[in-house]
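Structure record follows, encoded as structure tokens.
The values are calculated or read from the model by the stated rules, or taken from the named source; none is laboratory data. Note that the structure is predicted; figures quoted are calculated from it, not measured. So basically every Cβ, Gly included, is an ideal-geometry build from the backbone, and we count neighbours across all protein chains shown. What goes into the accessible areas is simple: the full protein's heavy atoms, side chains included, and nothing from ligands, DNA or RNA. Shrake-Rupley method; radii C 1.70, N 1.55, O 1.52, S 1.80 Å.
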Amino acid sequence: MNGWPIVSLGDHVDLLTGYPFKSAEYTNDPNDIRLISGYNIMQSYLRWDTVNRWPLSKSVELERYRLQVNDVVLAMDRPWVEAGLKYAWMGQKDLPCLLVQRTARLRGTNTLDIRFLRHLIGGPQFTFYVKGIITGTAVPHISPTDIKAFRFPLPPLPEQRAIAAILGTWDRAIALTEQRLAAAEQRKKALMQQLLTGRVRFPEFAGETWREVRLGQAFKERKERGYEDLPLLSVIADQGIIYRDELDRRDTSNADKSKYLRVKPGDIAYNTMRMWQGRSGVSELEGIVSPAYTVCTPKPSTDVNFMGHLFQLPSIIYLFYRYSQGLVSDTWNLKFTNFAKIKVKLPGLEEQRRIAAVLNACDRELDLLHRKRDAFQQQKKGLMQRLLTGRVRVGGLAARAAQEAQEAQG
């Protein structure tokens, strides 16, 4: 046993819930003070793409709700979603800021280190606890009493700080990898805009003219059925075409798959009712997809990888939207007959291949960074399981874990 006492969070944390600001008095003035609500709280980070503000002149009387660096914030409405627990901590860049109702602020005390608290709230034990007690059907929520009732083993302050230092090293490794990932994504977007539109050309193709063609000249529809023995495939927005059994979701496919469509390596499959959102992928697999998809096979003058990237370009997705038919978005569809009418400008086959090779290299870089970030997150999760429960005590482990994380960042 670790010898740590089992305590209630409420005895060792300063907890405050937010103020019921009147929405009629919100402002859009960037000089006014930001308000933080459950919308702004994600999984260990804050989003500020949409933010309400409160008049600066009225904020003095609400000083109690002003947040500080390292304060932990937790959404009390829908505290847990499929992506994870909605909690984060305040950085200097997030301030000044006031706390809105149905959001909790947790602050360390003289018995609970604030950085240790951050990892405690983000740890698997607290998440498991929240998932087990959230109440309400329309809007699942937790109360301040629920939060305070969470029980956990409390190490001495020096050990809390040592644990926080180890986990903080992994946080920095994850954050650095996410910065690299964001930069790589921006580079790919820029290259797509330049290469797929012909704004930037390879020198050896500079004299060649791009030709305007209809997509029906570049593809034919594959409508092969009766391949029930082939594996079921899915088209996923950020993963492309994968085997359906790799998804952690309930299988809603029909038992009778006689009408499912065959997909072969080198085909493009797209969601007929979601192509206006860019739901398509190039397949490296052979299998079958639901009749809700359309399967296209490229003609000899078409490089499928080039077209796969082209179909993710915003201007092309807009064309998919324009050619989709239906009364409302839930019924919009882009069947092959309309898909075939869309006009695009294409370079020659060799230039298509060169462009695709560059963008494929970007995808490989992105995949490596995704895997690296996921590995860091799994490693941190394993450390949290051991350190926050006292199964492994800090000592030499702190220095070793910090060194491993620093080496991995390099």
From the residues F311, V344, A164, which one has its Cα farthest along the dipole of the chain in the positive direction, the dipole being from +1 and -1 charges on Cβ of Lys/Arg and Asp/Glu about the Cα centre?
V344
Give, rounded to the nearest 20 debye, the magnitude of the charge dipole that the chain has about its Cα centre when Lys and Arg contribute +1 at Cβ and Asp and Glu contribute -1 at Cβ.
360 debye
Write down the percent of antiparallel bridges among all DSSP beta bridges whose residues are both part of the chain, to the nearest 5.
90 percent
The range 200-301: C-alpha gyration tensor shape, a/c 1.5 cut-off, then a/b vs b/c
prolate
Which order do the peptides 52-65, 280-293 take when ranked by the mean count of other beta-carbon atoms within 10 Å per residue, highest first?
280-293, 52-65
Would you list, by chain and number, the aspartates and glutamates whose Cα falls below 12 Å from the Cα of K148, excluding same-chain residues fewer than 8 positions away?
D11, D14
Looking at A375, L154, L359, which one has the Cα that reaches farthest to the positive end of the dipole of the chain (charges on Cβ: Lys, Arg +1; Asp, Glu -1)?
L359
Label-to-label distance, nm, for residues given as L56 and K148 (7 Å Cα→Cβ offset)
3.6 nm
Rounded to the nearest 20 debye, dipole of the range 149-205 from Cβ charges on Lys, Arg, Asp, Glu:
220 debye
Cβ-derived FRET efficiency at R0 45 Å, T337 paired with D367, nearest 0.05
0.80
Mind checking the log10 I(q)/I(0) for the range 279-361 at q = 0.10, 0.14, 0.22, 0.23 Å⁻¹? Debye, one equal scatterer per Cα, no solvent, two decimals.
-0.28, -0.55, -1.24, -1.32
Residues of the range 280-306 with amide N under 17 Å of a point placed 7 Å along Cα→Cβ from R214
297, 299
From the Cα gyration tensor of the range 184-236, with a ≥ b ≥ c the square roots of its eigenvalues, which class applies: rounded if a/c is under 1.5, or else prolate if a/b is larger than b/c, or else oblate?
oblate
From the convex hull of the Cα coordinates of the chain, what is the mean projected area in square nanometres?
26.0 nm²
Just tell me which lysines come within less than 22 Å, Cα to Cα, of K257; anything on the same chain fewer than 8 places away is out.
K223, K335
When a/c is below 1.5 the answer is rounded, else prolate if a/b is larger than b/c, else oblate, so apply that to the range 156-250 with a ≥ b ≥ c taken from the square roots of the Cα gyration tensor eigenvalues.
oblate
Carbon and sulfur %, accessible surface of the chain computed with the full protein complex present, 1.4 Å
50 percent
What is the packing order of peptides 23-31, 127-135, taking the mean over residues of other C-beta atoms within 10 Å and listing the highest first?
127-135, 23-31
Packing-based ranking, highest mean first, of 147-156, 341-350 given that Cβ atoms within 10 Å are counted:
147-156, 341-350
Full-extension gain between Y26 and R107, please, as 0.36 nm times their residue separation minus the C-alpha to C-alpha distance.
26.5 nm
